[in-house]
Each structure stands twice: as structure tokens, then as C-alpha cells.
Amino acid sequence: MPELLSSEEARVLGCLLEKEAATPEYYPLTLNALRNACNQSSSRNPVVSYDDSEVSRALATLREKGLIRVVYSPSNRAVKYRQVTDEAYGLDDRGRAVMCLLLLRGPQTVGELRIRSDRLCSFESLEEVERVLDGLADRDEPLVARLPRAPGQKEARFAQLLTPADPSVGGPGYAPEPAAPEPAAPEPDVAGEPGAVATRVAGLEAEMAGLRSEVGQLRATVESLRALLD
């Protein structure tokens, strides 16, 4: 199994893969360009706000893992960086495009991968995307995996395996423990327990009073904002 990456390393690596294919005229990337790419609000999930130190640390550890290289140019004083993931993992253009999207946007369906790959690589059909995913999943050291279909989902999603499994998306290797059943609340005995009913009613009334107070505060805030805008 490839050495796992942190979320910062995955974002930096995904950005290098993306910019190499989408904007080759600006590739390799400087630290400043790479930070801006990491912090894009479009085509990213989740959206992040890294500073130079966070990106620099990710670059240093990616270099140690043999996934990026530093590019020195006598005509340009700014150090630049390029990815060598294709060399490390033996990826072609289609494999790079799929891994790039999964690193930058998280688990996705076959259809989503095909639509979103237009700036990176051309897939003629959904079957072509599936073949690439199957090839990445059937390796001795797989790079992607099919996620269990969640309730209400029509299509299965695929996730990259270069970062630890994310419990929030039910990632590969993650099996949520069944929640312990909550004890059933006893039904109030209206006839035999009038005191309990009165206590419950009083609690509800106090909760309603608190909600009314919050609504009043919100109205006052809105009115203040309106006065400022006027």
C-alpha cells in the first residue's frame, strides 16, 4: 500500500496534477501559485485556507516520499515544484486525471468524474472511466476503491486510497459501529402522575420563552442592520 498522505499533502499533490494538465503554460508552480491553487473556492471539496508554512511543510514531506521534485531555473529566482506521481505510481493521462479529481473533490460517481475531467483528459464514455477506475482498483497496491452505496444513493462512488479513510463519507476500510439503541422513554401516566405532567409542561413553557427571547434579539439585530443600510 502506498504511504498515506495527510490532507494537506493530498491537496498540494492534487493541485500540481490539475495545473500540469489544465494550465501547462504556468507549470511548474511557485509556492505562491500553489497556495492560491490549494485555496481555490471552485473545484475543491473541502475549501481550505492554507498559509505558506502549511504548503511548505506539505511540499517538504511530499518530496521525502518521492512524489514531487524541486525545479531550479537560472532565469527565475523563484523555486518551483512539479509532481512525479505518474512516475511513482505508473499513471497515464487518464489515471492522473481520475486521481487528481478524487484528491481535490473527494469521493465521486463515474458520471461526476467524466463531467469534471474535461479540462484534464477526454473520456469518450462512462465505460472508459469505469475501466480506468477498475485498473486503479485492481492493482497489487490499489489506489482507488468503490464505496458502499449509501441509503438513497442511486450510484456508487469511488474514493482514492492515498489518504486515511474518512468516517464522514464511509470511506474504504471504515465500518461504522451500530449505534446502541436508546432506552425508550416511559409514557407519562396522566391519570396517576399529574405532578410529572405539570413539570413537563412547565419545562416546555420555559423553552418557548427562551425561543421568543432569541427571536426578539434577532429582530432587533435585523432592524439595526436595516438602519445602517438606510
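Two numbers describe the Cα atoms of segment 89-170: Rg and Dmax, which are 12.0, 36 Å. Put a dot 7 Å past the Cα of Glu130, heading toward its Cβ, do the same for Tyr72, and the two dots end up 5.0 nm apart.
Annotation for segment 1-86: GluC sites (Glu not before Pro) lying in DSSP loop with at most 15 further Cβ atoms inside 10 Å of their Cβ are Glu3. Counting every pair of alpha carbons in segment 7-169, the share spaced more than 18 Å apart comes to 59 percent. Computed from the Cα positions only, the extents of segment 42-121 along the three principal axes stand at 43, 30, 25 Å, in decreasing order. Take the Cα of Ala60, step 7 Å toward its Cβ, do the same at Ile115, and the gap between the two points is 4.1 nm. Among Ser122, Ser6, Ser53, Ser75, sorting on how many other beta-carbon atoms sit within 10 Å of each Cβ, with the fewest leading, yields Ser75, Ser53, Ser122, Ser6.
Each 5 Å bin from 0 upward holds the following percent of the Cα-Cα pairs of segment 23-88: 3, 16, 24, 25, 22, 8, 1, 0. Each Lys or Arg adds one and each Asp or Glu subtracts one; over the other residues with Cβ under 12 Å from the Cβ of Glu20, this totals +1. The residues neighbouring Tyr50, those whose beta-carbon lies less than 15 Å from its own, together hold a net charge of -1 under the Lys/Arg +1, Asp/Glu -1 convention.
Read-outs throughout are calculated quantities, based only on the coordinates presented, and are distinct from any laboratory measurement. The structure presented is a predicted model; accordingly, all values stated were derived computationally and were not measured. For neighbour counting, all protein chains shown are included, and Cβ atoms are generated from backbone atoms with ideal geometry for every residue, glycine included.
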